[in-house]
């Protein structure tokens, strides 16, 4: 169980980690939950775009299953297609099961 701080729930002690982003992000740094920061950094190193990922403050009960339940959640950029490769990369640095999802931008 992690001890990442949740602003919404006001629990946990481990503050967000500010990661230096890849050039294509358009901003220099972003805050990431401490316990998933190594995973996010590893995915970026392998050119996997992520956004709005969250550790789900593991141990907090009642998270909706459609939002990852109590698993850490990584939202992939809409250009990511090799989901098995993403899971392999995650397993290289973290042994937890991650909920993967993906936003799709649709211009209407």
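Each reported figure results from applying straightforward, stated rules to the coordinates on display, with no laboratory input. Everything quoted here is computed from the prediction, not taken from an experiment. Counting neighbours? That spans all protein chains shown, and the Cβs are built from the backbone with ideal geometry, glycine included.
A compact table of results
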{"read-out": "The chain: antiparallel DSSP beta bridges as a percent of all, rounded to 5", "value": "60 percent"}
{"read-out": "CD proxy at 222 nm, helix term only [per DSSP H run n ≥ 4: -39500 (n - 2.57); per residue of the chain; nearest 500]", "value": "-5500 deg cm²/dmol"}
{"read-out": "Virtual spin-label span in nm between residue 45 and residue 8, 7 Å along Cα→Cβ", "value": "3.0 nm"}
{"read-out": "Most fluctuating residue given options 82, 51, 97, as computed from a GNM of the chain linking Cα atoms under 10 Å", "value": "82"}
{"read-out": "The chain: most fluctuating residue of 18, 87, 28 per GNM, C-alpha cutoff 10 Å", "value": "28"}
{"read-out": "Residue order, fewest to most beta carbons within 10 Å, for 53, 101", "value": "101, 53"}
{"read-out": "Residue 91-residue 29 FRET efficiency (beta carbon distance; Förster radius 25 Å; 0.05 resolution)", "value": "0.45"}
